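The values are calculated or read from the model by the stated rules, or taken from the named source; none is laboratory data. Computed from a predicted model, the values in this text were never measured in an experiment. So basically every Cβ, Gly included, is an ideal-geometry build from the backbone, and we count neighbours across all protein chains shown. For accessibility, only protein heavy atoms count, side chains too; no ligands or nucleic acids. Shrake-Rupley method; radii C 1.70, N 1.55, O 1.52, S 1.80 Å.
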Amino acid sequence: MTSIPTTQKLTKKFNTPQLLRSGWYTTWGVSLLLLIVSIYGVQAQRQAIKTVGKDAAPSILTAQQLQDSFADMDASLANELLFKPGENQQALADFEINRKKIADRLVAAARNITYPAEEGIVQSLQLSGSAYLLKLQEARDAHKRGDTIGTLNIYRSAATLIDRQIIPQAEQLSRVNAQELEKTYANQSFFNGGIALLITIVGLVQIVILVMIQIFLYRRMRRMLNLPLLGATIIAIIFLVHTLSSFVSATNNLKVAKADAFDSLRALRQMRSLSYKANADESRYLLDRSNAIVHEQSFNDKIKKILTIPANQSIDSILANVQQKKPTQGITGLFAEELNNITFKGERELAIDTLKYFNDYLAIDKQIRQLSNSGEAAEAIALCIGTKPGESNWAFERYKNKHTELMDLNKKEFEDNIKLGAQHLDNYEIIAAVALSSIAILTLFGLRPRLMEYL
């Protein structure tokens with residue numbers, strides 16, 4: 001006995017008006033479901049882009065910049081105290097520049113408080129920063145009085161405040177925002193696949209229903225073409241393609257912004273902070289000779305965190321690998337993360353130059369220590385604070401400028417992709433409402449005349 005197809009069973013069980021009304025109501029119901037699901041997905045994606053691009057990432061960078069400024073201020077003070085009061089005008093100027101930067105960055109951090117833990121940290125930073133400035137003034141006053149021992153003791157107290165309170169507080173501020181960023185990105189990455197699949201299924205169901213209604217009209221009522229239903233079907237197809245395209249494009253932009261650009265930028269910013277701290281250790285090494293070994297070890301520890309090279313490799317071999325786009329295996333540290341995550345045009349060349357200039361700075365640092373250990377303290381100090389080619393501050397500034405270019409490239413890519421991701425979702429709610437309302441109205445116009453024939 002031949003089985004009767006399900007569609008034929010339905011058409012025999014229900015009369016034509018009932019089937020047409022069912023198609024009409026089902027189309028409206030599916031359109032409403034698609035509207036809800038797609039808008040929910042888009043708004044979640046938009047919130048993730050905002051969290052990564054506007055809330056967490058800027059606060060992370062601000063916290064790291066605060067570390068830069070405090071560490072550089074510390075180095076400026078040490079350089080100032082290496083000379084008689086008022087002799088090192090460059091150190092005084094650098095100190096004042098950093099003081100203004102710290103004030104601006106504390107204001108920026110306070111304005112972008114998003115998460116509960118941030119407020120207390122920012123307040124602590126403001127209080128610690130104020131206490132540090134008071135210590136610095138005490139050190140300057142003692143220096144003017146010619147109180148060498150008192151100056152050094154106060155400076156040590158100020159340096160302890162930097163190392164044990166201010167820098168850890170800034171790191172905590174960065175960590176709080178980094179945790180939120182990583183959590184949001186991980187959740188969104190997991191969510192995107194599921195919501196995109198759900199949108200695809202609901203959208204295809206809508207299209208299939210519209211096509212089945214037209215097939216039914218052709219078979220039951222011999223209607224060759226129903227223009228309103230055809231229009232509704234075309235709109236449904238275009239809307240589904242637009243929705244998936246917008247969603248996928250925004251997802252890809254978020255991935256590029258976070259995984260390619262920001263991960264590199266964050267590693268570079270941490271590297272920058274460590275560089276400033278290491279540069280301060282270099283000045284402390286010359287100022288606080290009784291603790292020179294401690295400061296030298298602190299310098300070396302920071303350099304290892306920036307870049308550690310295996311014994312069987314050299315800077316030259318690493319540069320050759322990077323130039324030839326080969327993996328830089330075996331090296332570790334923050335700069336290794338950047339070298340293994342080169343993505344954008346021009347990034348490779350900037351990374352190579354940054355590494356070269358960083359190596360030049362380290363070579364001069366060795367000369368400073370050799371001079372100091374040989375009893376040539378004045379020459380070591382002159383080389384440390386010198387701004388002429390071949391001197392330490394000149395090398396550090398050159399390295400810093402190239403490093404800034406590398407950070408700026410990743411920052412621009414980050415900001416551009418965050419902006420593009422948001423643009424892909426612009427006015428989506430309006431587009432969705434118009435498109436799905438049009439489908440509902442066209443379905444009504446397509447079926448109502450056919451239903452009227454049965455009245």
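How would you order 341-348, 270-277, 20-27 from highest to lowest mean count of nearby Cβ atoms within 10 Å?
270-277, 20-27, 341-348
How much of the accessible area of the chain, in percent, comes from carbon and sulfur atoms when a 1.4 Å probe is used?
Solvent-exposed carbon and sulfur of the chain make up 57 percent of the total.
With an 8 Å cut-off on Cα pairs and a minimum separation of 6 or more residues, tell me the relative contact order of region 133-188 in percent.
26
From the helices alone, meaning DSSP H stretches of at least four residues, give me the mean residue ellipticity at 222 nm for the chain, per-run term -39500 (n - 2.57), in deg cm²/dmol to the nearest 500.
Value at 222 nm, helices only, nearest 500: -28500 deg cm²/dmol.
Give the peptides 385-393, 77-85, 405-413 in descending order of average Cβ contacts within 10 Å, highest first.
The densest-packed peptide leads the list: 77-85, 405-413, 385-393.
In the chain, if the dipole is taken from +1 on Lys/Arg beta carbons and -1 on Asp/Glu beta carbons about the Cα centre, which of 299, 375, 167 is farthest to the positive end?
167
With every protein chain kept in place and ligands, DNA and RNA left out, what is the accessible area per residue of region 317-441? Probe 1.4 Å, answer in Å².
Solvent-accessible surface per residue comes out at 49 Å².
Using the basic label-point model (7 angstrom from Cα toward the beta carbon), what is the residue 211 to residue 387 distance in nanometres?
7.3
Output the DSSP H helices from the chain with an along-axis C-alpha extent of no less than 27 Å and a mean Kyte-Doolittle hydropathy no less than 1.0.
Within the chain the helices that satisfy the rule are 227-255, 428-452.
Once the principal axes of the Cα atoms of the chain are found, what is the range along each, listed largest first in whole angstroms?
On the principal axes, the chain reaches 108, 47, 37 Å in Cα extent.
Would you work out the charge dipole size for the chain about its Cα centre, treating the Cβ of every Lys and Arg as +1 and the Cβ of every Asp and Glu as -1, and quote it to the nearest 20 debye?
2800
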